[in-house]
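One structure is given below, encoded as C-alpha cells.
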Amino acid sequence: MTALDFQALAPHLTLTGGLMVVLLAVSFWRSHRTAFALTLLSLAAAFIALWPGLGAGPRAVTPLLMLDAYAAFFNGLFILIGAVTALLAHRYLEGRAGSQEEFHVLLLAATLGAMTLASAQHFAALLLGLEILSISLYAMVAYPEEDHPPLEAALKYLVLSGVGSTIMLFGMALIYHATGALGFAELAAFAATGDRADLWLSAGLVLFVIGIAFKLSLVPFHMWTPDVYQGAPAPVTAYLATVSKAAVFAVLLRFAVDAQLLDLSSGAQVSVAMLFAIIAVLSMVIGNVLALLQNSIKRLLAYSSIAHVGYLLIALLVLNALPGQPMAVETALVFLVGYLAMTLAAFAVVSELSSAADGERDQIEEYSGLFWRHPVLASVLTAALLSLAGIPLTAGFIAKFYLFAAGVDGELWGLLWAMVVGSAISIYYYLKIVFAMTVRGADAPAIPASFAGVATAAVLGVVVLAIGIYPTPLIGLASDIAQGLRLTP
C-alpha cells in the first residue's frame, strides 16, 4: 500500500485506533465518563481525517474498498450520528445498573462497520462491514443487561439478522458460481458480455435481494423490526433506525451502480427491478397501515421506518428507468439525509424522556401534555413528526418532493401512487402524537431533562427545519457526489 492509500484510509484507521484506546482504557479504568470522552474524541478525530483524503480524489484501496466522495459523505454522516448516539446514551446509561463502559466500544465498532459498508466495492468487504456492524448491534440492543425487554430484542435480532446474513451469503455464492466474480465492477463486465439468463444467477440475485430486504426491514421480511425497536434502549433504537439502514442502503446503491444490478438481471428469469418494485409497494402500504394500530411510539416509528425505506427504493428503481443519469443517486442522498435527520430528532426526544424515567417512556399517553411540561422537547418532536409526514418547510417535504420528481421523470406511476397513499395515511398517526402532546393535564408533573440532551434534540430539530427551508447546499453536495460515480448508460 502507498502513502496515498493510507491517506484515503485515514478515517478508518483513526477510528480503529480510537476503538483500541477506548478498549484498553475501560479494561484498566472503569469510568463511564472517561469512556464517553474518549469516544467523542475518537469520532472527532475520524471526522477530521476525512478531509485530507478528499483532495486526492477517488482511490481504490485493494480490490475491496473504494474511498471517494460518496464514501466520505456517508462516513461523515455515520460519524456524526455516532457522536449524537454517544451523547444520548451517556445520560441514559448513567442512571442504570450494569457495565456501561463497553457500550462505547461497541458503538465505535458499529460505526467502523458502517463506514466499511459505505466504502465496499466487493462482496468480501460488504460481508465484513455488515458483520462488524451487526455483531456490535446485537450487544448494544441488550443494554442494560439486567432488563428483560432488551435481552429479548437482542435475541430476536440475533436470530433473524443471522438468517438474513445467511440467505445473502448463499446468494453471493450462487452469483459467484454463475459469474466467477465477486467485485462489483467485475459483475458489470459480466452484465455486458455474460449469460444473464443463467438459472444460478437468477437464484443468487433473488437470495441477495431477500437478504438485503431483511437488513432494511422491508415487507415481508420486516417482522423483527417493531419488536427490536421497542425492546432496545432508546439511543440504540435511534442508531439502529438510522446508521444501520443507511449503511446497508449505501452499499446496495453502490452495488446497483457499479455492478449494474438492475441491468444484470434484465435477461434473467427473475427481474430484480420488478422484485424491488413489489417489495417497495408492500412496504409503503403495509408499513403505514400497521403504524395506525400502534400505541407505542417506538413501534410506530418502526413501521414508519419500514414505509420510508419503501419510499427510498423509488430512487433505486430510477436507476433502471433513467440509465446513465445521476438523478437516482442524487435523489437517494437527499432523501437519506432528510430521513436520518428527522428520525434521529424523534428518537433524541424519546431517549431524553426515557433517561429521566425508571424505564422506557414509550406509550403515546405518556407524552400527554408534553407541550406544557417541556415545550422544547415537544417542539422538536413535533417538527420531526411533521417532517416524517412530509409537511412543507421540513426536511421530510424536500426529501419526498425530490423523490416524487425523480419518480415522475422515471414514469414510475404505480410506485408514486403507493407513496402518495402511504403518506396520506401517515399524517393521521403522526398527528395523533402531536395532539396528545397538546392536551393540558391538570396534574401533569414536570419532566427533568439534562441540558446536553435538550441541546442535542434542539440542534437536530433546527437541522430538520433548516433542510426544509434552505435545501440548496444539500442538493448541490448530492449533485456533485452523484456526478462523480460511475454511471454507465
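No other residue among GLY17, GLY113 is more than 19 Å from the chain's Cα centre (by Cα), modelled with pLDDT of 90 or more and among the small types (Gly, Ala, Ser) apart from GLY17.
Residues in the stretch 318-350 that are over 18 Å from the mean Cα position of the chain (by Cα) and either among the polar types (S, T, N, Q) or open to solvent by 10 Å² or more (accessible area, probe 1.4 Å) (or both): 9 in all. Please determine whether any residue of the stretch 223-240 is outside any helix (DSSP H, G or I) and over 28 Å from HIS148 (Cβ atoms). Checked against the condition, which is being outside any helix (DSSP H, G or I) and over 28 Å from HIS148 (Cβ atoms), the stretch 223-240 yields no hits at all. Restricting the stretch 450-482 to residues that are under 22 Å from the mean Cα position of the chain (by Cα) and hydroxyl-bearing (Ser, Thr, Tyr), the residue that is nearest to SER354 (Cα to Cα) is THR456.
For the stretch 352-360, state whether one or more residues are within 19 Å of ALA457 (Cβ to Cβ), surrounded by fewer than 23 Cβ atoms within 10 Å (Cβ to Cβ) and at pLDDT below 90. Yes, there is a match, as at least one residue in the stretch 352-360 is within 19 Å of ALA457 (Cβ to Cβ), surrounded by fewer than 23 Cβ atoms within 10 Å (Cβ to Cβ) and at pLDDT below 90.
Among all residues of the stretch 288-295, there is at least one that is at pLDDT 90 or above, part of a helix (DSSP H, G or I), among the hydrophobic types (A, V, I, L, M, F, W, C) and over 30 Å from ARG440 (Cβ atoms). Within the stretch 22-60, the residues that satisfy the criterion of being open to solvent by 50 Å² or more (accessible area, probe 1.4 Å) and either over 23 Å from ALA86 (Cα atoms) or touching a Ser or Thr at 6+ places or on another chain (Cβ under 7 Å) (or both) are PRO52, LEU54, GLY55, ALA56, PRO58, ARG59, ALA60.
When you look at LEU252, is it modelled with pLDDT of 90 or more and part of a loop (DSSP other than H, G, I, E, B), yes or no? So LEU252 does not fit the description; no. Restricting the search to helices (runs of 4 or more DSSP H) fully inside the stretch 370-489 and requiring at least 3 residues that are of a type in the set (A, V, I, L, M, F, W, C) and over 30 Å from MET66 (Cα atoms) gives 370-373, 375-389, 395-409, 413-438, 451-469. Just to be sure before I move on: is TYR143 at pLDDT below 90 and touching a Leu at 6+ places or on another chain (Cβ under 9 Å) in the structure I sent? Criteria met by TYR143. Going by what's in this entry, would ALA213 be described as of a type in the set (Gly, Ala, Ser) and touching a helix residue (DSSP H, G or I) at 6+ places or on another chain (Cβ under 8 Å)? Criteria met by ALA213.
Return a yes/no flag: does the stretch 62-69 have any residue that is at pLDDT below 90 and surrounded by fewer than 17 Cβ atoms within 10 Å (Cβ to Cβ). Within the stretch 62-69 (the criterion being at pLDDT below 90 and surrounded by fewer than 17 Cβ atoms within 10 Å (Cβ to Cβ)), the answer is yes, since at least one residue qualifies.
Looking at the stretch 2-15, which of its residues are open to solvent by 50 Å² or more (accessible area, probe 1.4 Å), within 22 Å of ILE132 (Cβ to Cβ) and either touching a strand residue (DSSP E or B) at 6+ places or on another chain (Cβ under 7 Å) or not aliphatic (A, V, I, L, M) (or both)? The answer is PHE6, and nothing else.
Taking the residues in the stretch 396-436 that are β-branched (Val, Ile, Thr) and either within 24 Å of VAL463 (Cβ to Cβ) or open to solvent by less than 50 Å² (accessible area, probe 1.4 Å) (or both) as candidates, determine which candidate is nearest to the chain's Cα centre (by Cα). Checked the stretch 396-436; the qualifying residue nearest to the chain's Cα centre (by Cα) is ILE398.
The values are calculated or read from the model by the stated rules, or taken from the named source; none is laboratory data. Only a predicted model underlies this, so the values are computations on that prediction, with no experimental measurement involved. Note: ideal-geometry Cβ built from the backbone for every residue, glycine included; neighbour counts use all protein chains shown. In case anyone asks, the SASA skips ligands and DNA or RNA and just uses the protein heavy atoms, side chains included. Shrake-Rupley method; radii C 1.70, N 1.55, O 1.52, S 1.80 Å.
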